[in-house]
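The values are calculated or read from the model by the stated rules, or taken from the named source; none is laboratory data. A quick note: this is a predicted structure, and the numbers were derived from the prediction, not measured. Ideal geometry is used to build each Cβ from the backbone, glycine not excepted, and the neighbour counts take in all protein chains shown.
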Amino acid sequence: MEEGLGAAVAILVDTSGSMRETAPGDSRPKYMVAQEAIESMLDATDAFIARRPDFPIKIGLYSFSSNVRTLRPIAAYDRAAIRAALSSLPRPGGGTAIGEALHEARPDLYRAGVFRKYLLVVTDGENTSGRDPEKVSREIFQKSAGAVQVYFVAFDTSPEKFAFLKEVGGDVIGAGTGPELRTALDGIYQGKILAEAPDVERDQPVKK
């Protein structure tokens, strides 16, 4: 399909059993801290759209444990709809299917019909179920010719587990506490995704 101006972001949230654990430096479980941190990203989106109403932002929300769930398909930014999807985040339980989540969300980015495509993963562990995330990330990089960028926030886990992302045009940032998680998400979302978005000169039409 022909692609136009804009950016599509698939946000993948870990809801495995370990996300029930109390977040370091907080009294709440990790999944609630992650939920709040993602919601804070909406302020940045509102501000960006106010500056660049001509540049469409499309966001989808997915959760993964042993299986992957689409909480909101990738669609034009709608703050209320994303907040509603975040509120339906499943209670943690089961394994960690990071690779499966990447694999399932990637085609949705192309259906969004925009040049810029991102996978943003928040996880507190390593893959325990399904496809290997390193293999999937390398496949995505190869098949998309670098058009799909993959970013991870390693929450209360070593970012070294995902060091391979730097070899495929992506990146990983570690976050040990709730405030660090918010800082990491802000660094990726505002510092990389939204900062790249207006660079229209580099955008080239791609057909898939």
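Within the stretch 142-168, residues that are without any contact (Cβ under 8 Å) to a residue 60 or more places away in the chain sit with their Cβ atoms under 7 Å from residues that are of a type in the set (S, T, N, Q) and part of a helix (DSSP H, G or I), at 6+ positions apart or across chains, in these pairs: Val150/Ser137; Phe164/Ser137; Leu165/Ser137; Val168/Ser137.
Of the residues that make up the stretch 129-138, is at least one at pLDDT below 95, within 16 Å of the chain's Cα centre (by Cα), buried (at least 17 other Cβ atoms within 10 Å of the Cβ) and not hydrophobic (A, V, I, L, M, F, W, C)? No, because not a single residue in the stretch 129-138 is at pLDDT below 95, within 16 Å of the chain's Cα centre (by Cα), buried (at least 17 other Cβ atoms within 10 Å of the Cβ) and not hydrophobic (A, V, I, L, M, F, W, C). In the stretch 1-34, the residue that is farthest from Gly178 (Cα to Cα) out of those that are crowded, with 19+ Cβ neighbours inside 10 Å and among the polar types (S, T, N, Q) is Ser16. Taking interchain pairs and intrachain pairs at least six residues apart, which have beta carbon atoms under 9 angstrom, with the first residue in the stretch 1-23 and closer than 12 Å to Ala101 by Cα and the second assigned to a loop (DSSP other than H, G, I, E, B) and β-branched (Val, Ile, Thr)? Taking only residues 6 or more apart or on different chains, the pairs are Asp14/Thr96.
Each row is one residue, and each column tells you yes or no for (1) crowded, with 22+ Cβ neighbours inside 10 Å; (2) over 29 Å from Arg138 (Cβ atoms); (3) in contact with a helix residue (DSSP H, G or I) (Cβ under 6 Å, 6 or more places away or on another chain); (4) aromatic (Phe, Trp, Tyr).
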{"position": "Asp46", "(1), (2), (3), (4)": "no, yes, no, no"}
{"position": "Asn67", "(1), (2), (3), (4)": "no, no, no, no"}
{"position": "Ile74", "(1), (2), (3), (4)": "yes, no, yes, no"}
{"position": "Asp78", "(1), (2), (3), (4)": "no, yes, no, no"}
{"position": "Ala81", "(1), (2), (3), (4)": "no, yes, no, no"}
{"position": "Ala84", "(1), (2), (3), (4)": "no, yes, no, no"}
{"position": "Ser88", "(1), (2), (3), (4)": "no, yes, no, no"}
{"position": "Leu109", "(1), (2), (3), (4)": "yes, no, no, no"}
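Of the residues making up the stretch 112-128, those that are surrounded by fewer than 21 Cβ atoms within 10 Å (Cβ to Cβ) and either in a helix (DSSP H, G or I) or among the small types (Gly, Ala, Ser) (or both) are Gly113, Gly125.
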